[in-house]
């Protein structure tokens, strides 16, 4: 991998943190330089991909999407307080889950595909039986909006990050709290487990940092700094060697876990990066942005390989299917798009 450096001229930001909520006012960045790939020829979008379906049904912005482990079911969650399950092959709606009383911010399937977990601005986390569509239990304990959830690969532990400036670890089977992690006074935007389940990464809103935690002890092991604005999304590579972060500073950064250093920065989006995903084979990164686009990147080379357009508002979330041949995206335009992607 070749190192790539990006310099951002940061804007003036005015921030105010209130208990249980956030007020944030920020002007647009004055300018951003190109990466060290600026002298290389521009890559052309892939010709062998297509938008298969546009799914409409939500009455408000789509905040998160996910695909089931078997690759047949898509889930979308929305500001309309609902969760929708869709047949990924046909684009048909299967059912709508209702129970949250505020925006649903995050959603994740259990590794066995039998359970769905959702997190909301109503301060709760709900666990659902996918066969019946019935709510199994509601997890309470956060004092503000729950922004992000993740489940360990063995399915035993749920992590939740909240605007109450804490991360909670739960036993998924029982819903009992294992411990609460607090490494400072910052709003937690995103959480992600390493494939081994031994490390948890969390991304912060105000100090733009990433914290690494030892799951067994609950101790913070490292703080990664490099982004100049809020960290919006985190995901580990399938081999666990690399952490991928997306930020409001318009960039994606790759971090080497063994050395805890930044490998390189991907620059190309014209506005905030809102979500990142990685294919199961570890070869391709997808990123979505406030600029209404989705970009695909070659992970090993750090190069953009395609730009997908079609959404009319910011694209809040992206997810790969297990086989890597399908990408789904959710947008503030109230739609979900299903894309069939074939790498060159």
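The values are calculated or read from the model by the stated rules, or taken from the named source; none is laboratory data. Predicted model, so just to flag it, every value in this text is computed and none were measured. Backbone-built Cβ (ideal geometry, glycine too); neighbour counts: all protein chains shown.
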| query | On the given criteria, is residue 333 part of a loop (DSSP other than H, G, I, E, B), out of contact with any strand residue (DSSP E or B) (no Cβ under 6 Å at 6 or more places or on another chain) and under 17 Å from residue 87 (Cβ atoms)? | reply | no
| residue 176 vs. criteria within 25 Å of residue 319 (Cα to Cα) and free of Cβ contacts under 8 Å to residues at least 24 places away in the same chain | no
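Find the residue count for region 226-246, including only residues that are surrounded by fewer than 19 Cβ atoms within 10 Å (Cβ to Cβ) and closer than 14 Å to residue 189 by Cα.
So the answer is 0.
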| field | Pairs with Cβ under 7 Å, 6+ apart, first in region 249-264 and at positive phi and surrounded by 20 or more Cβ atoms within 10 Å (Cβ to Cβ), second modelled with pLDDT of 95 or more and in a strand (DSSP E or B) | value | 250/267; 250/273
| Residue tally, condition part of a strand (DSSP E or B) and either closer than 13 Å to residue 63 by Cα or modelled with pLDDT under 95 (or both), over region 316-325 | 4
| task | Looking only at region 263-315, count how many residues are under 17 Å from the mean Cα position of the chain (by Cα) and assigned to a strand (DSSP E or B). | result | 18
| message | I'd like to verify a number: residues in region 100-116 that are in a strand (DSSP E or B) and surrounded by fewer than 23 Cβ atoms within 10 Å (Cβ to Cβ), how many? | response | 3
| task | Any chance you could count how many residues in region 44-88 are at pLDDT below 95 and either farther than 23 Å from residue 295 by Cα or assigned to a strand (DSSP E or B) (or both)? | result | 5
| remark: Exactly one of 218, 302 is crowded, with 21+ Cβ neighbours inside 10 Å, at positive phi and touching a residue at least 12 places away in the same chain (Cβ under 8 Å), and that residue is 302
